Amino acid sequence: MERIPILKMGRFLLVTIQVDMHDRLALALQDDLTARITETGARGVLIDISALEMVDSFIGRMIANIAAMARILDAQTVVTGMQPAVAITLVELGLDLPGVRTALTVERGMLLLRAVLHAAGELDQPSAADEGLDAGPAD
Amino acid sequence: MNETILHSTSMRDAQDVVRIRQEARQLAALLGYEAQDQVRIGAAVSEIARNACEHGGGGELHYAVAPDGTCVIRVTDRGPGIADLPAVLEGRWQSPAGPGLGIFSARRLMDRVEFATGDGGTTVTLAKAPPPECPGLSAQRLEEIGRSIAAAAPPDPLGELRIRNRELLLALEDLRSKQLEIERLNGELAETNRGVLALYAELDDRALQLGRASELKSNFLSGISHELRTPLNAIRNLTRLLLDRMDGDLTASQEHQVRLIQSAAVTLSDMVNDLLDLARIEAGKTVLRVTEFTVAELLGALRGMARPLITGDAVTLTVDQPDWPWRMCSDEGKLSQVLRNLVSNAIRFTPHGEIRVTAAYDEAPDMVTLAVADTGIGIAPDDLERIFEEYAQVDSPLQRRSAGTGLGLPLSRKLAALLGGSLSAVSEPGIGSTFILRIPRQCPEEESPAKPAATGPTSDDG
């Protein structure tokens, strides 16, 4: 069965949704991601939906659920790259993703995650620690 | 509403929902909707299609365009219908899987959403006003759009595979039912076969019993005939002693009675001999003694034998001398027995006229034909074959007067067959009869049915 890959980047997990998800795939992602968070002890999750062109109430609800579950598992979640049409549709559907942080790009999402964790005292020396752990683009 | 149907498709599961929302979005793009409306239409269709799959077990979806350019999408399922429509419309309904917001959401995204729900299923009609800058599309353009949507539909290889799979399953089911049918037929056939086999076995059994009965009859006949001959010979010998005056003189009346006894004993002994011959042939115990002789010799002996049988001048016997010199190779004794039988029969049934014995030779089949023709009372056509049956006697005044055994003709026919030939008769009542005996010049020894008994202890003395 097809899966959406979950990449580990330092202390964060990166999920890039690049296909139009059907319902089972979304449910599988929810299971996989929660399992990976507990497995790796990741403190942050970055969900990139820049390739997602369409959402409906189910997908929207799934994104909100995933964010909420990650938060309960002690991992901050940022949804990045949402297209304007998707944003409009979500609002029109009454799904304004309460409690989900969003960022326009992955880079800014990453910064946001670090800032949040730093503020919470999780990351003592943000730049040094990140460069050691993070294979992503340096900011 | 006079809508133009652009495309129809069916759906079954979540995979189809994804395909359909892509299709809906593509259609919206082709119809000239702006990007945001494309997403709205796609999302709304996705909601309704998911409901149809989850609650209605799948259904049909039709894309259409109304005359005023309104995009109309109609989703039909065959589910149990929506129970609490007002609650659903207000977004208060809770489905077992979570908040039932599909219809509620679709209403927010589309301009118009209509429901027709009942026990037989639900039909949801979604409508979106035409894009302002693209008011009317020609029928030709709509047709093109429909075609391009239909053409874009199949590129889902997984869906294609699933359709194939379904077809395959159906075919398998069909095959299995055919297989069952064949097995059932096979079973029936096997049963019939068993019945046929049982019948065959029964038939074999019957044939065996019949053969055994026939054999028993033949054995009985040959045994009893042998036993009968001894006392008969005693009677004949004793009468001869009496007639020879060995025990003193006889009065005229005594002599007459003793002669009657003698002639009766002779008749009885002839009958027993015939019976014995017949039984031997049937039991396959007859031995052929093949010698070389000419037909002239055969007929000469016949003439000598038959002349004393003719009493008075009313009947004349003519034996034609054949004018061909070839020799025959057959059992002379049996052949002359047959001829004797035929001639004595002819004499018995011919009060006056002529009895003629002729001989002819056919070179092609190498057969000798001997015919005995009389001018006697003849035989009715119905009786022509019956006279060759054992103990059959045709009812006639002459028959009653002349005592016959009824064995002569059947015995003759059997003997003729034994020699590889045949005996037949033609006759016309009141004019006369002709008996035709056809015998191969060279007796087919190898095919003789008497062959297996050739080494047997019994010898033919009939």
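Using the structure shown, decide if residue A:69 is within 16 Å of the chain's Cα centre (by Cα), within 13 Å of chain B (Cβ to nearest Cβ) and either assigned to a loop (DSSP other than H, G, I, E, B) or modelled with pLDDT of 85 or more (or both). Steps first, answer last, please.
Numbers: within 16 Å of the chain's Cα centre (by Cα): yes; within 13 Å of chain B (Cβ to nearest Cβ): no; either assigned to a loop (DSSP other than H, G, I, E, B) or modelled with pLDDT of 85 or more (or both): yes.
Criteria not met by residue A:69.
Checking the conditions here, which among B:35, B:83, B:97, B:44 is at pLDDT 80 or above and either surrounded by fewer than 23 Cβ atoms within 10 Å (Cβ to Cβ) or of a type in the set (Val, Ile, Thr) (or both)? Lay out the reasoning, then the answer.
On the way: B:83 fails: at pLDDT 80 or above; B:97 fails: at pLDDT 80 or above; B:44 fails: either surrounded by fewer than 23 Cβ atoms within 10 Å (Cβ to Cβ) or of a type in the set (Val, Ile, Thr) (or both).
Of B:35, B:83, B:97, B:44, the one residue that is at pLDDT 80 or above and either surrounded by fewer than 23 Cβ atoms within 10 Å (Cβ to Cβ) or of a type in the set (Val, Ile, Thr) (or both) is B:35.
Per-residue answers, yes or no, for (1) of a type in the set (D, E, K, R); (2) open to solvent by 70 Å² or more (accessible area, probe 1.4 Å); (3) within 20 Å of residue B:374 (Cα to Cα):
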position	(1), (2), (3)
B:292	yes, yes, no
B:295	no, no, no
B:321	no, yes, yes
B:326	no, yes, no
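Yes/no per residue for (1) away from chain A (no Cβ under 14 Å); (2) out of contact with any Phe, Trp or Tyr (no Cβ under 7 Å at 6 or more places or on another chain); (3) in a helix (DSSP H, G or I); (4) closer than 20 Å to residue A:90 by Cα:
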{"position": "B:6", "(1), (2), (3), (4)": "yes, no, no, no"}
{"position": "B:39", "(1), (2), (3), (4)": "no, yes, yes, yes"}
{"position": "B:51", "(1), (2), (3), (4)": "no, yes, yes, yes"}
{"position": "B:72", "(1), (2), (3), (4)": "yes, yes, no, no"}
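Determine, yes or no, whether residue B:68 is more than 27 Å from residue B:142 (Cβ to Cβ) and open to solvent by 40 Å² or more (accessible area, probe 1.4 Å).
Values: more than 27 Å from residue B:142 (Cβ to Cβ): no; open to solvent by 40 Å² or more (accessible area, probe 1.4 Å): yes.
Answer is no for this residue.
The values are calculated or read from the model by the stated rules, or taken from the named source; none is laboratory data. Computed from a predicted structure; not experimentally measured. Using ideal geometry, Cβ is built from the backbone for each residue, glycine included, and neighbour counts are taken over all protein chains shown. Surface accessibility is based on the protein's heavy atoms, side chains included, excluding ligands, DNA and RNA. Shrake-Rupley method; radii C 1.70, N 1.55, O 1.52, S 1.80 Å.
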